[in-house]
Amino acid sequence: MRPEALSDITELTAAEASFLIRTRRLRPIDLVEAYLDRIERFEGIYKAFNTVTAESARAAALAAERTPLR
């Protein structure tokens, strides 16, 4: 894993995050919360989102945790 990802999970690549979730070393809800926190911190500066569907993202993350891994 890259050094910057060790201190900030929003710096994980999709492959790294996927691996950590599959191996149960990272919970999907933790990743979603980290991204939502990052959006909240920087949205005022970058204005990159028209709509943030936080509750939908949280629900999807929790549903993913209940889905058996293949």
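Below 8 Å between Cα atoms, with a sequence gap of 6+, how large is the relative contact order for the chain in percent?
Relative contact order comes out at 32 percent.
When the Karplus curve 6.51 cos²θ - 1.76 cosθ + 1.60 is applied with θ = phi - 60°, which whole-Hz ³J(HN,Hα) does each residue of the range 17-29 get, with x for Gly and Pro?
4, 4, 4, 5, 5, 4, 8, 6, 9, 8, 8, x, 5
Rounded to the nearest 10 degrees, what's the angle between the helix 54-66 long axis and the longest principal axis of the chain, both from Cα atoms, 0 to 90?
0 degrees
At 1.4 Å probe radius, can you tell me the per residue accessible area of the chain in Å²?
76 Å²
Amide H neighbours of residue 52 under 5 Å, counting only residues 5+ apart in sequence or on other chains, H built in-plane at 1.01 Å?
Correct list: empty.
Assuming R0 = 30 Å, what is the FRET efficiency of residue 4 and residue 54, from their Cβ-Cβ distance, to the nearest 0.05?
0.75
In whole percent, how big is the carbon plus sulfur part of the accessible area of the range 1-54, probe 1.4 Å, protein atoms only?
56 percent
In the range 7-39, what trypsin sites (Lys or Arg not before Pro) fall in a loop by DSSP, with at most 13 other Cβ atoms inside 10 Å?
24, 25
How large is the dipole of the range 18-70 about the Cα centre if only Lys and Arg carry +1 and Asp and Glu carry -1, each at its Cβ, rounded to the nearest 20 debye?
Dipole about the Cα centre, nearest 20: 340 debye.
May I ask which residue of 46, 34, 14 lies farthest towards the positive end of the charge dipole of the chain, with charges of +1 (Lys, Arg) and -1 (Asp, Glu) on Cβ and the Cα centre as origin?
14
Name the chymotrypsin sites (Phe, Trp or Tyr not before Pro) in the chain that are in a loop by DSSP and that have at most 15 other C-beta atoms within 10 Å, would you?
49
Calculate the spin-label point distance for residue 36 paired with residue 23, positioning each point 7 Å from the Cα along the beta-carbon direction, and give it in nanometres.
2.7 nm
The values are calculated or read from the model by the stated rules, or taken from the named source; none is laboratory data. Predicted model only: the values in this text are computed from it and were never measured. Cβ sites come from the backbone with ideal geometry, for glycine too, and all protein chains shown count toward neighbours. Keep in mind that these areas ignore ligands, DNA and RNA; they rest on the heavy atoms of the full protein, side chains included. Shrake-Rupley method; radii C 1.70, N 1.55, O 1.52, S 1.80 Å.
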